[in-house]
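Reviewing the structure listed below.
The values are calculated or read from the model by the stated rules, or taken from the named source; none is laboratory data. Not measured: the values here are computed from a predicted model. Here the Cβ positions follow ideal geometry from the backbone for every residue, glycine too, while neighbour counts run over all protein chains shown. When the accessible area is computed, the model is the full protein with side chains, heavy atoms only, and any ligands, DNA or RNA have been set aside. Shrake-Rupley method; radii C 1.70, N 1.55, O 1.52, S 1.80 Å.
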Amino acid sequence: AQSVTQLGSHVSVSEGALVLLRCNYSSSVPPYLFWYVQYPNQGLQLLLKYTTGATLVKGINGFEAEFKKSETSFHLTKPSAHMSDAAEYFCAVIFRNSGNTPLVFGKGTRLSVIA
Amino acid sequence: NAGVTQTPKFRILKIGQSMTLQCTQDMNHNYMYWYRQDPGMGLKLIYYSVGAGITDKGEVPNGYNVSRSTTEDFPLRLELAAPSQTSVYFCATRGRSDGNTIYFGEGSWLTVV
């Protein structure tokens, strides 16, 4: 079955440290891949997306993600965490071989940034 | 430049009451979705629509109904509200013309007591 897995429901990093949030999907066909961020009591904001082309994708707020087909992964990184990065992050996937199947979300990873 | 507009933002319902969450978009997107978000569970799809007059069930449709009479509007109806429907509801649209990006409304916080 097609699925999206985010490893770690909660990640804590020190301010200035590397942020790494993991996302893996299961599909035989490379899907469209997205990362969304949600700040407390707010909606979801698109950070970045991969559809085709370059596998390293740069997004807003200094985040980037790399699509690795061989590892079926789309991990989100940021070289240096800032206090304002504390939020919930969702990996989401559109599986291309599923007709009208819409966006499927991972369960989310809550990022805490420690001063 | 409204994008996706959801109303109301907050609502408290009594058990057994009914209500409609409104969703309107001005991006001329064919695809529209309703998700619910519960703590630690991510977002689960309730219903979706691929165009006016066409709707289909998602992962958790029980207790809800939708209609799509126009491209712009996709209301979500809760009949006989139950405490299990206490959640945050998000409406979203998808546009094929910009890489299938999903655009979200700001959410509707619903409490059933």
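Brief remarks follow.
- Chain A - accessible surface per residue (Å², probe 1.4 Å): 46
- Contact order relative to length of chain B, as percent, for alpha carbon pairs under 8 angstrom and 6 or more apart: 35
- At R0 = 41 Å, FRET efficiency that the Cβ-Cβ distance of A:Lys68 and B:Val50 yields, to 0.05: 0.85
- Anisotropy class of chain B from Cα gyration tensor, a/c 1.5 cut: prolate
- Counting only residues at least eight positions apart within a chain, or on another chain, the lysines with an alpha carbon under 24 Å from that of B:Lys14 are B:Lys44.
- Mean Cβ neighbour count within 10 Å, used as a protection proxy, ranking B:17-25, A:87-95 highest first: A:87-95, B:17-25
- Counting Cβ atoms of other protein chains within 10 Å of each Cβ in B:39-46 and taking the mean gives 5.
- Gaussian network model of chain B, Cα within-10 Å springs - most flexible of B:Ile46, B:Ile12, B:Ile102: B:Ile12
- Net charge of the neighbourhood of B:Met19, taken over other residues with C-beta under 11 Å away and scored Lys/Arg +1, Asp/Glu -1, is +2.
- Rounded, prolate or oblate (a/c below 1.5 giving rounded, otherwise prolate when a/b exceeds b/c) for chain A by Cα gyration tensor: prolate
- Contact order normalised by residue count of chain A, Cα under 8 Å, 6+ apart, percent: 37
- Residue-averaged beta-carbon neighbours from other chains (10 angstrom radius) around A:103-109: 5
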